[in-house]
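First the structure, in the form of structure tokens, and then the observations on it.
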């Protein structure tokens with residue numbers, strides 16, 4: 001089969017046209033991949049930054065966002081049959097620790113991630129445990145089904161913060177931040193404010209439903225403007241998607257006392273933060289968001305997509321055949337594209 005893999009401890013990926021097809025175990029399904037999304041994590045792996053160098057095994061097939069067709073099932077699989085179109089939850093665990101057994105498998109201690117800890121989906125075939133498979137509704141197109149993983153991150157962040165009838169600040173409008181704009185609008189946020197340092201992304205955020213989109217590279221005057229527009233109090237909810245230490249501090253300043261912050265963005269290194277001013281004296285609630293709730297977030301995603309209220313066409317911008325993977329990655333990393341999808345269909 002064709003596959004993209006991390007061929008050495010350095011930049012880039014390599015294309016193998018004849019890698020072996022993985023063999024499913026008794027409780028696994030073998031999925032023929034149709035389309036796969038390129039994620040920010042894949043960019044870290046491509047660039048081989050400090051995180052990737054300390055986490056990613058050389059030789060692994062990368063990628064963790066996909067849609068495909070079940071090709072074969074293991075002897076003990078009971079739920080699914082070949083021919084079904086599916087995606088999958090990429091966080092795999094044994095379901096034996098405290099969190100997994102109490103409804104929080106997304107933060108299980110023994111989680112292994114496809115494309116990070118085990119072979120992923122930038123290949124013609126991938127093996128997934130039966131319990132991680134998600135059947136895709138026929139009304140959801142392939143290009144959307146291929147990016148349910150990051151959409152799920154946005155949905156989890158928005159839903160955890162409870163944005164209905166509340167003012168919301170989204171800090172950072174990268175791929176998931178932009179998805180969070182349309183999800184927050186669909187979830188009933190009263191007004192959405194956004195910040196970033198990328199003017200085209202800010203314009204798109206306004207098109208998707210933000211009432212104001214501030215260029216944070218021009219200073220922090222936007223904080224006072226947000227406070228002024230929210231009764232002099234600040235926003236009810238912050239969705240922190242940037243991972244920028246400066247943006248984090250400014251976002252907490254723009255939050256009202258007693259508000260809620262849901263944090264998904266990952267800083268590149270430890271940060272200095274004023275806990276007294278931003279959290280303790282403010283009396284706010286801070287939520288750490290990781291992945292998707294299994295499978296609550298997936299049901300929420302499906303319902304939102306089928307409602308027709310999510311606007312994703314301007315976010316999923318490019319599609320390339322897997323053989324043009326280098327061009328696909330460059331399109332994503334240059335900023336010319338937003339969400340880029342690899343096509344593995346022959």
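Read the figures in this text as sums done on the coordinates, not as results from a lab. The structure presented is a predicted model; accordingly, all values stated were derived computationally and were not measured. For neighbour counting, all protein chains shown are included, and Cβ atoms are generated from backbone atoms with ideal geometry for every residue, glycine included.
Counting neighbouring beta carbons within 10 Å and listing from fewest to most, the residues 284, 194 come out as 284, 194. Modelled spin labels at residue 285 and residue 58, positioned 7 Å past Cα toward Cβ, are 4.7 nm from each other. Of 29, 223, the sequence from fewest to most neighbouring Cβ atoms within 10 angstrom is 223, 29. Across region 151-288, Cα pairs under 8 Å and at least six residues apart give a relative contact order of 23 percent. Which one of 190, 18, 242 has the biggest mean-square fluctuation once the chain is modelled by GNM with Cα springs under 10 Å? In this elastic network of the chain, the residue with the biggest mean-square fluctuation among 190, 18, 242 is 18. Running a GNM on the chain with Cα contacts under 10 Å, which residue among 169, 264, 304 ends up with the highest mean-square fluctuation? Evaluated over the chain, the most mobile residue of the options is 304.
The mean sequence separation of alpha-carbon pairs under 8 Å and at least six residues apart, normalised by the residue count of the chain, gives a relative contact order of 17 percent.
Between 282, 34, 269, the Gaussian network model of the chain with springs among Cα atoms under 10 angstrom shows the greatest mean-square fluctuation at 269. In terms of its C-alpha gyration tensor, region 151-288 has a rounded overall shape, because the principal axis ratio a/c (a ≥ b ≥ c, square roots of the eigenvalues) stays below 1.5. Could you work out how far the C-alpha centroid of region 229-275 sits from that of region 115-163, in angstrom? When both Cα centres are located, 27 Å separates them.
Does region 215-300 classify as rounded, prolate or oblate by the C-alpha gyration tensor (a ≥ b ≥ c root eigenvalues; a/c under 1.5 gives rounded; else a/b over b/c gives prolate, otherwise oblate)? Taking the square roots of the gyration eigenvalues as a ≥ b ≥ c, region 215-300 is prolate. Counting other Cβ atoms within 10 Å as a rough exposure proxy, the listed residues 178, 204, 266 run 266, 204, 178 from fewest neighbours to most.
For residue 229 and residue 277, a Förster radius of 22 Å and the Cβ-Cβ distance give a FRET efficiency of 0.55, rounded to the nearest 0.05. Using 0.36 nm per residue and subtracting the Cα-Cα separation, the extra length available between residue 51 and residue 220 on full extension is 57.9 nm.
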